[in-house]
Each structure stands twice: as C-alpha cells, then as structure tokens.
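Below: one structure, written as structure tokens.
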Amino acid sequence: AMAMPLSPSTKRFVDVTSVACRSVGNCSIGGAFAGTETALIDSETNGVWGKAIPVPGVTAFGRFSSSVTSISCGSANSCSAGGTYANRSGDRLGFVTNEVDGTWRDMTTVTGPPDLHLDSNSGITSLSCRASSDCTALGYSFYRGNGGKLFVLRETKGIWGRALNLRGASNESYEGFNSATLSCGSPRNCVVGGMYSISEKFSSGTAPFVADEIDGIWNRAIVV
C-alpha cells in the first residue's frame, strides 16, 4: 500500500496491485482506492504521474468492491487492465478495460459459456499485451463443486472476445485448477502455468501444470 496525492487539497490511500511500463518514464498502475474499495488506474507520461481515477464504468449499475488485479501495455498509450467487482447480490465478476490513445475506456464485464459460471465467482488474474490493442487475459471461476476453472480471452484490435474454458489435464487424478499466471511471447502465442488439485486413491494434493497457445489454439494443460 502507498499514499498517492490526488489533488493539492485531498489525499487518499490506494493499494497498487499491478504495474506496467512501456518505456522509461511511461508506466501505468492498477489497484484500488482503500476504504471505498473502488478499482483505480493511473498513468505516468514522460516521468509525470497523472491523477488516479476510478476505472470508467466500474461504479455504475450497482458495482461495488472492485479492484484491478493486472495491467499490461502493448505500446505507448495502449494498455489494458483487468480485475473483479461485486454486484448488488455480492457475486464476483471479472472485467477488462482498455486505454486507447492515452484515454481509458469504460470497463466491460467478461462473458462466456454458461458452464464457466462467470456470474457467480470469477475474475481476471493476469494480462499480457504484445501489441497495440492486442492482449490476452487469464481468469478464474469457482462455482460450488466445480473444482475451480480457468479461462482465457483475447483482445483483437481493441475488442475483447468471449471467455474460453481452459481444458484440464487428461488424467484421472485431475480435480480442478488452483492458481495460474500468464505470459505471451507474441499475439496468439501464450503460456499459462500454475497448480491444480489432484485426488488419488490414498492421498490428495497439488501438481504443477503448463498449457500453451500456438497460433491461436490452446492445448490441454499438461503436468510439468
């Protein structure tokens, strides 16, 4: 946590959770305003930080308790951020937002197939941008006994697509994903790595995995 001045007369504390830099003196941060629990973003241009602002649209329509969890920049003045927010019912949902020509646009709620249960307990955990307005996001979904699912979604030319269910390891002991992170070497070529739960005849625990995307096609997770 750190203190950041928003104006000469007002100071608020913020929690910074992610930082991305496109060149020396040109960076962006994401996090949340402490106390109000509102997702925030701020950008540095030529060594000068701007004013931290709530993610556009994150306070509309009964959206509460929000935070940016990951931010990445594909080029100068072109970044994307993702995180989670709670609706009026207390359900957690994932969101993404884009910076276009230095201006952050309204956030978009992540959508996907019904079996991911994205409207129950989900969020974005990692982002990787390898070109202007071309990013990949990784998220999680937990719903009752589904054991934990991971999903990925792509931004192409500034437009985010629907979430895609990341397939689990093809063995009998696989139960569900626990945690993971994402990195992309180029657009449509990424790797996700993390841990998933296993349950065997006499024991249970976790195992490391990786899953890779090659030319836009995601392969099934494999045990490391």
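Structure values in brief
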{"quantity": "Unique match (being out of contact with any strand residue (DSSP E or B) (no Cβ under 6 Å at 6 or more places or on another chain), loosely packed, with under 14 Cβ neighbours inside 10 Å, polar (S, T, N, Q) and free of Cβ contacts under 8 Å to residues at least 40 places away in the same chain) among Asn46, Asn87", "calculated": "Asn46"}
{"quantity": "Sole residue being within 18 Å of Ser133 (Cβ to Cβ) and in a strand (DSSP E or B), chosen from Thr84, Thr97", "calculated": "Thr97"}
{"quantity": "Selection from segment 136-174 of residues that are buried (at least 16 other Cβ atoms within 10 Å of the Cβ), more than 15 Å from the chain's Cα centre (by Cα) and in a strand (DSSP E or B)", "calculated": "Tyr174"}
{"quantity": "Subset of segment 190-224 [open to solvent by 50 Å² or more (accessible area, probe 1.4 Å) and either within 26 Å of Ser132 (Cβ to Cβ) or of a type in the set (Val, Ile, Thr) (or both)]", "calculated": "Val191, Thr206, Val210, Asp212, Ile214, Asp215, Ile217, Ile222, Val223, Val224"}
{"quantity": "Hey, Ser122 part of a strand (DSSP E or B), farther than 30 Å from Asp215 by Cα, open to solvent by less than 10 Å² (accessible area, probe 1.4 Å) and polar (S, T, N, Q) or not", "calculated": "no"}
{"quantity": "Top-ranked residue of segment 16-39 - restricted to ones that are of a type in the set (A, V, I, L, M) and over 18 Å from Thr125 (Cβ atoms), ranked as most open to solvent (accessible area, probe 1.4 Å)", "calculated": "Val24"}
{"quantity": "Those residues of segment 77-97 which are modelled with pLDDT of 95 or more and more than 15 Å from Ser67 (Cβ to Cβ), in sequence order", "calculated": "Ser80"}
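The values are calculated or read from the model by the stated rules, or taken from the named source; none is laboratory data. Note that the structure is a prediction, hence the values are computed from the model and not measured. Note that each Cβ is placed from the backbone with ideal geometry, even for glycine, and that neighbours are counted across all protein chains shown. The accessibility values were calculated without ligands, DNA or RNA, using every heavy atom of the protein model including side chains. Shrake-Rupley method; radii C 1.70, N 1.55, O 1.52, S 1.80 Å.
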